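Report on the structure given below.
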Amino acid sequence: MDYSHKVTMIRLRRHASRVRMALSGQQELGRSAGFWFAFAVVVVGCFAAPMFLSRWQLLNFSNFLINGFLALSLCLIWGFCGILSLGQGAFMGLAGYAYGVAGINLMEQNGNTDLALVIGLITPVLLAAVLGSIMFYARVQGVYVAILTLLVTLLFETFLNQTAGEGWFVGKAHLGGNNGLGRFAADIREPPSLALGFGDSVMEFGGRSYAFFYMTMSLLLVTYLGLRWLVNSRFGSVLVAIREDADRTQAFGHDVRLIQLLVFCLSALIAGLSGILYVSWGNFITPDVFGVYNNILPVIWVAFGGRKSLTASLGGTMFLVWLSQALAIQSDYAFIVLGVILIAVMMLLPEGAISEIADLIDRWSRRSARVVE
Amino acid sequence: MMATASPDSLLEVRGLSKAFGGVRATNDINLSLRSGELRCIIGPNGAGKSTLFKLLMGMIMPDSGTVVFEGKDVTRAQPHRRARMGIGIKLQNMGAYPNLTVRHNMLVPLHHERAGQDPDLQIRQLLQPLRLDGKSDRLVSSLAHGERQWLAIGMALAMRPRLLLLDEPTAGMDPEETHATCELIRSLNAEGMTVLVTEHDMAFVRQLQSRITVMHFGAVLAEGSLVDIEQHAEVRRIYLGHGTPRRLLQPRGARDLRSSAENG
């Protein structure tokens, strides 16, 4: 009896350590028990946020989290696969528009946005599949990928900006030119918030609701842990090898182009999720999402935190989004302060602020461990 | 498909040519390797040895000619396909990944192994004869030069290739390491692996005791045993100018060979 109890405990502990091993691995910051403790505190704190944040603060925090998906999507493709995409905004925007248009047309009829969600997720992946096939199989590399992806997103921006006319209806949805999708006139429908479920049991996730916040938080947590698992798997070690040297990796039997394409599609899916959540959050989307600003911003966030780590990218993004907003409230010239901080970090901590600080702590703790020995 | 191929032929290269701009890096190369053969390619820098290896691996595509591996035409096949078919390579300037750990490096070629096998056990088994046991968690950039070369060979071996291509495996090694590398290659060959190796170091070539192919200006100049090569008039003229055959036997670097070729 006592014996079997012990065996169960040992088994449980072994399972727990296996899960931790799978998530920790070589490729990510934070392998220690201390990290996971701090991580748990942060997660619990975030889930408890509705208890101590005002409605407006919570709405704002939800928006921070939506940016987090965009950062993770860029971190995956740039930090782990070595492909700098300046078109993550295109995937975000395309998903947002596709979900919005489908939602406007299907919401009344279906009573939910299940199909709109699926359409919203598939559309950016299709774009990534087409664009990625062309780029990777034609051996487009480095800065040309950045230029090409930026070009594509700007094409979308230009196209959507000229859809203000009466002719630009997709079913019941008016594309609305630079106003985008949203209730800008009484007779125009706005894209619905996510409403998931079947028949009568439909759960709505309005941007202001707690439900939306909890859903976004949970999705971000799952995405982060899922990507952590992916980059620490054997597939992840191949990804990093491709980042380090694609030709060499191909000589070890890996179809580099196919792997790059798959990761590009996954990255588009995550950026797309960000776009759908954004539309669900604010019930509008404009062509600005495809613009230069929205495509460069994630690059700054991810570079600031540390592009080679999901944790650093996500943490850096949250910090920068918060900081830029906090500074903007203080003064009109806050952007100068922000600029100085960004330039200082890029020059002094080229691997990213959080990555370099984590590295420093790691070295320091190892040295003190050696002293103790 | 190759009428001339003998039944135990592993690799048949016919008329392989590649030009970069106006420079013919390889010119009408013919090469045939039996299964289980050990072959050494020698030639001065710029003779086209590395280009030939890249052509054999599919990292660059030839302008003309064919590569047949195990009876299959792989001339247009991508590198990863050839790797999976059983060609392993260690290129001269493309060894291990410097910014990754030894273990991580080994995981990259081991990726295709069946699930359920413990990768760490396999890594230990592969690293042990390469004197890298216990260095699994070291960054490659912190390893000695010789160790890095051995790791690169270990990574090629992790693919369990039937044809192993080694481009200057002893570059930068001291004589003791060079000797050990030679013994490693000989033992791999003794176990049945077909090995094609390029080399500058004539002491190594002597120790290897393999059949030799001499390349010069992108073409095959001569082929035969070490004795045949040493007595080959054209080889002596190009390599040694008016020198004696003994100079060929000296463990000299590439620069000596090239400068004597240019002078001669």
Quick one: go through region A:252-276 and flag any residue whose amide nitrogen is under 18 Å from the point 7 Å out along the Cα-to-Cβ line of A:V118.
-> A:269, A:273, A:276
If one compares the long axis through the Cα atoms of helix A:234-244 with the longest principal axis of the Cα atoms of chain A, the angle in degrees, nearest 10, works out at 80
Distance in Å, no decimals, from the C-alpha centre of region A:159-218 to the one of region A:223-292 is 26
Cα→Cβ-extended label distance, 7 Å offset, between A:D362 and B:I60, nm | 3.7
10 Å Cβ neighbours from other chains, averaged over peptide A:251-263 = 6
Between their Cα atoms, which of B:K49/B:K72; A:K308/B:K18; B:K18/B:K90; B:K72/B:K135; A:K6/A:K308; A:K308/B:K54 are more than 29 Å away from each other?
-> A:K308/B:K18; B:K72/B:K135; A:K6/A:K308; A:K308/B:K54
In nm, spacing of pseudo-spin labels at A:T8 and A:D247 (7 Å Cα→C-beta vector) | 5.9
Using alpha-carbon coordinates, inclination of helix B:254-263 to the longest axis of chain B, degrees = 20
Among A:S193, A:Q88, A:V240, whose Cα lies farthest out toward the positive end of the dipole of region A:58-287, if unit charges sit on the beta carbon of Lys, Arg (+1) and Asp, Glu (-1)?
-> A:V240
Relative to the longest principal Cα axis of chain A, at what angle does helix A:292-305 sit, 0 to 90 degrees, rounded to 10?
-> 10
Compute the projected area of the convex hull of the Cα atoms of the protein assembly as shown, averaged over all viewing directions, and report it in nm² to one decimal place.
-> 39.8
For A:H174, the residues 5 or more places away or on another chain with a placed amide H closer than 5 Å to its own amide H are A:R189
When the Kirkwood hydrodynamic radius is evaluated over all pairs of different C-alpha atoms of region A:58-287, what value in angstrom, to one decimal, is obtained?
-> 18.3
Estimated FRET transfer efficiency when R0 is 45 angstrom, pair B:E183-B:N30 (beta carbons, to 0.05) | 0.90
Volume of the Cα convex hull of chain B, divided per residue and given in Å³ = 132
Distance between Cα centroids, region A:43-111 to region A:319-373: provide it in whole Å.
-> 24
Tell me, in nm to one decimal, what length is gained between A:I296 and A:W36 on full extension, where the rule is 0.36 nm per residue of separation less the Cα-Cα distance?
-> 90.5 nm
Relative packing of peptides A:264-272, A:110-118 - highest average C-beta neighbours within 10 Å first = A:264-272, A:110-118
So which residue, out of A:G275, A:G180, A:G89, gets the largest mean-square fluctuation from a GNM of chain A using Cα contacts under 10 Å as springs?
-> A:G180
Between A:V222 and B:V227, what is the FRET efficiency for a Förster distance of 51 Å, r being their Cβ-Cβ separation, to the nearest 0.05?
-> 0.15
What is the calculated FRET efficiency for A:V202 to A:R370, with r their C-beta to C-beta distance and R₀ = 56 Å, to the nearest 0.05?
-> 0.40
If you find the alpha carbon centre of region A:1-34 and of region B:117-174, how far apart are they in angstrom?
-> 31
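Laboratory data are not the source of any read-out in this text; all were calculated from the coordinates shown. A quick note: this is a predicted structure, and the numbers were derived from the prediction, not measured. All Cβ positions, glycine included, derive from the backbone under ideal geometry; neighbour counts span all protein chains shown.
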